[in-house]
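The values are calculated or read from the model by the stated rules, or taken from the named source; none is laboratory data. Small disclaimer: the values here were computed from a predicted structure and weren't measured. Note that each Cβ is placed from the backbone with ideal geometry, even for glycine, and that neighbours are counted across all protein chains shown.
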Amino acid sequence: MKRYESVALTLTEEIEGGIYKPGERLPGVRKLAALFTVSVSTVVEALKIVEDQGLLDVAERSGHFVAYPTHRLNTPVQKEGAGTYKAVLKPYPVTQSEWVMNLVRATLASDVVQLGAAVPHSDFLAVKGVNKALKAVCAHTQDHSDHYDFAPGYEPLRGQIALRMQDVHCKVQQAEVVITNGCQNALVLALKAVTQPGDVVAIESPTFYGLLHVIESLGLQALEIPTDPISGISLSALSLAFEQWDVKACVLIPNYGNPLGHCMSDIDKRQLVTLAKKAKVQLIEDDIYGDLGLSNQRSLPLLSFGPDVIYCSSFSKTLSPGLRVGWVISGQHQERIEYLQYVNSLSAPTLAQRAVYEYLRYQSYDRYLREVRSRYRQQLHKVRSLIYTSFPEGTKVSEPAGGFVLWVECPATVSTLTLYEDALAKNISIAPGPMFSPRKKYQRCFRVNCAQPWGARFQWALVTLGGLVERQLAP
Ligand SMILES: Cc1ncc(COP(=O)(O)O)c(C=O)c1O
């Protein structure tokens, strides 16, 4: 082991062992050099490694601070005290585009085991019902493809969506629903409507990488807010961020966030809405996993706690990602969003909108949801158990409240970028941790898509990944 690696290891152990506490400043570089009897450049190299593991945050001109444990897995909820994040949060431009296309291409290869992208295998989607709906639309409707359904979109579908939103305590009328090309498009439209290039947007950390690409493409700056794998975004950190920076918007996934699977409590949601209103920050809620909670109680959207929230969602995780049908509810921003929708893509697809309407109107979406939630409960349990038996000691796995992905934290020195390369060579695709952070943190974490048939191939892939991690730890 090189000298700087050994210093990095010692610092890692000291941080993990609690010798340096979250929020605490490490001794300066010179002091550390003296303590370890190494050169300053050795300390600088070592600190880079520890920072890459997500254990340190660097505050310009202030030094290195122990990061708050954003991936606190398998431990009880603790609330951090306010006042501790002041020095460590800073917005950063996002440079993520190099990653995503590799992952996207891997999803097109049929010989690759798809543990990377969060796309359910067709076994878990309402494929049969959607096919039936598509057939019915083609058989009964003459006018489904000879025109644009300009924004706000197909009226009967908007009516069905409004009814579902009312079921989860959101006071939404049909006229307020704008159909989009999926949830990603809804997020783009929402952010475009409320920001200008250069603006600061607060996000959960780690967060869905698709959002990072949107932020990158719009020239915005991302401010990563520590996020607990159980209770969600840290409200104390967010409150300080609002004080310290001119934050224009905060985009978050309060129900079953991707990749952590956390779910905010109603109390925290209410507090968040109040906090954002006071700070004049636009909340943008991505509720794409909202219907996929593992308990039978549907967790309420942020929108049900305040009408100023912009709400984005889609049917991509339940009915079909390929239909590209999502929606946005945006209150006072609706007119601008409809215009942006027109500029971006003229309209959402006509045939797909009718098929989703047909499905919602004449088939039992709720029965499908009940069944798939129960399958995800079992599936997540099986995958977690297999990871615990196949991965080296010290590996931790999230316990999501919903959705179908797991977040895995490997022992400290593991690089999931290396794991990503090694796994792809064996035709296994994973989503490495740094994809989920603008600063490419979470070097030792990765996300697993569990919505795959529980067959020999899937199990082989998980066991193989465990072996590859083991290999990295071998002396
Ligand atoms: C949290 C989250 N938001 C949005 C999207 C994109 O959704 P859509 O396919 O509807 O555009 C995804 C897809 O992975 C997601 O996980």
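Odds and ends about this structure:
- The set of residues from segment 121-163 being assigned to a loop (DSSP other than H, G, I, E, B) and touching a strand residue (DSSP E or B) at 6+ places or on another chain (Cβ under 8 Å) comprises His121, Tyr148, Ala151, Pro152, Gly153, Tyr154.
- When we screen Leu294, Leu240, Leu260, Leu275 for residues that are surrounded by fewer than 24 Cβ atoms within 10 Å (Cβ to Cβ) and closer than 24 Å to Val405 by Cα, the only hit is Leu294.
- Within segment 320-374, being of a type in the set (Lys, Arg), crowded, with 17+ Cβ neighbours inside 10 Å and more than 16 Å from the ligand (Cβ to nearest atom) holds for Arg354, Arg373.
- Test result for Tyr388, crowded, with 23+ Cβ neighbours inside 10 Å and aromatic (Phe, Trp, Tyr): no
- Failed criterion for Phe208 (all others in (1) at pLDDT below 95; (2) within 25 Å of Met165 (Cβ to Cβ); (3) surrounded by fewer than 24 Cβ atoms within 10 Å (Cβ to Cβ) hold): (3)
- Test: Gln166 is in a helix (DSSP H, G or I), of a type outside the set (Val, Ile, Thr) and touching a helix residue (DSSP H, G or I) at 6+ places or on another chain (Cβ under 7 Å): no
- Identity of the residue in segment 169-205, part of a strand (DSSP E or B) and not polar (S, T, N, Q), that ends up surrounded by the most Cβ atoms within 10 Å (Cβ to Cβ): Glu204
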